[in-house]
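Enquirer: Here's a structure for you.
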């Protein structure tokens, strides 16, 4: 047997079936061998029908994603058997949580990955980079993209797309110059089926909260105390990151000791 193939990790449908039983949110599961984007597939399933069966909530996963989408139009490369890509689709979720979904998803994935001793006790700290990435040391190993689907001005569904680099080591575009994988940073390859079960097992606890606390995110913040270039009132400024506040804003302080709250945008790290 090819030793390279032994390292590949593929989701199987029985895992997805088990996963939907763990959460009260999910009804169906769909696994693609290959798809452009699980978020795009989920969106199409919600708007239309798949095999004449209406799809409103569940898990959409793929073992190969060739046109994944990231935040602000960035792409997400997913090598077959080396990257874990899936979307959680919610049709019933408290509207209060909508502004916090991305950070809640980041907390969910981060806390799950930290159950592995290789990560928990490593010198390469696993952190959350506001607003939607997870870093291992200085390498991005996970990206999250949340999207809301509306019909007649009414929220129909929410899609939480998650991509985790398990053992991928080939990054060919500028979007991936800081990319890494669990394998490249921590030296082991978690079983993707077990990891999915672990993540979904905590979904109900995470997405039924009645309030948002940034305490966990701030405890594992990648940006905290870093100098960053950010846009404040249409002007680029250098500022120091202080924290994430209770409204999920990034709080920074500029050279004039003036604090600013950033709701969204691109943050470039200076030091």
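Enquirer: Starting with the fewest neighbours, write out 84, 247 ranked by other beta-carbon atoms found within 10 Å of each beta-carbon.
Expert: Details: 84 28, 247 12.
Sorted ascending by nearby Cβ count, the order is 247, 84.
Enquirer: For n ≥ 4 DSSP H runs only, could you compute -39500 (n - 2.57) per run for the chain, divide by its residues and tell me the 222 nm figure to the nearest 500?
Expert: Details: 8 runs with 61 residues, N = 271.
The helix contribution divided over the chain gives -6000 deg cm²/dmol.
Enquirer: Determine one quarter of the surface area of the Cα convex hull of region 5-219, which equals its mean projected area, and express it in nm² to one decimal. Don't skip to the end; give the middle numbers.
Expert: Values: hull surface 46.7 nm².
Computed as one quarter of the Cα hull surface, the answer is 11.7 nm².
Enquirer: A further question follows. Label region 167-271 by shape, choosing from rounded, prolate and oblate, from the square roots a ≥ b ≥ c of the eigenvalues of the Cα gyration tensor; if a/c is under 1.5 it is rounded, and otherwise prolate applies when a/b is larger than b/c, oblate when it is not. Present the calculation step by step, with values, prior to reporting the outcome.
Expert: Values: a/c = 2.69, a/b = 1.38, b/c = 1.94.
Oblate is the answer for region 167-271, as a/c is 1.5 or above yet b/c matches or exceeds a/b.
Enquirer: Continuing with this model, one more query. Over the Cα atoms of region 227-269, Rg to Rh with Kirkwood Rh, two decimal places?
Expert: Values: Rg = 9.3 Å, Rh = 10.2 Å.
Rg divided by Rh gives 0.91.
Enquirer: Sticking with this structure for a sec: Only counting other Cβ atoms within 10 Å, I'd like 230, 146, 114 sorted with the fewest neighbours first. Each step should come with its number before you reach the end.
Expert: Working: 230 19, 146 22, 114 15.
In increasing order of surrounding Cβ atoms, one gets 114, 230, 146.
Enquirer: To make sure I understand, if each residue's beta carbon is the centre and we count other beta carbons within 10 Å, what order do 96, 66, 116 fall in, fewest to most? Can you show the working numbers first?
Expert: Details: 96 11, 66 14, 116 18.
Final ranking by Cβ density, sparse to dense: 96, 66, 116.
Enquirer: In whole angstrom, note down how far apart the Cα centers of region 243-262 and region 125-174 are.
Expert: Spelled out, the Cα-based centre of one part sits 23 Å from the other.
Enquirer: Sticking to Cα atoms, compute the Rg of region 120-161 to one decimal and its Dmax as the biggest Cα-Cα distance, whole number, in Å.
Expert: 15.4, 50
Values in this text are rule-based calculations from the coordinates and carry no lab data. Being a predicted model, the structure only gives us computed values, none of them experimental. Neighbour counts are summed over all protein chains in view; Cβ atoms, including those assigned to glycine, are modelled from backbone coordinates with ideal geometry.
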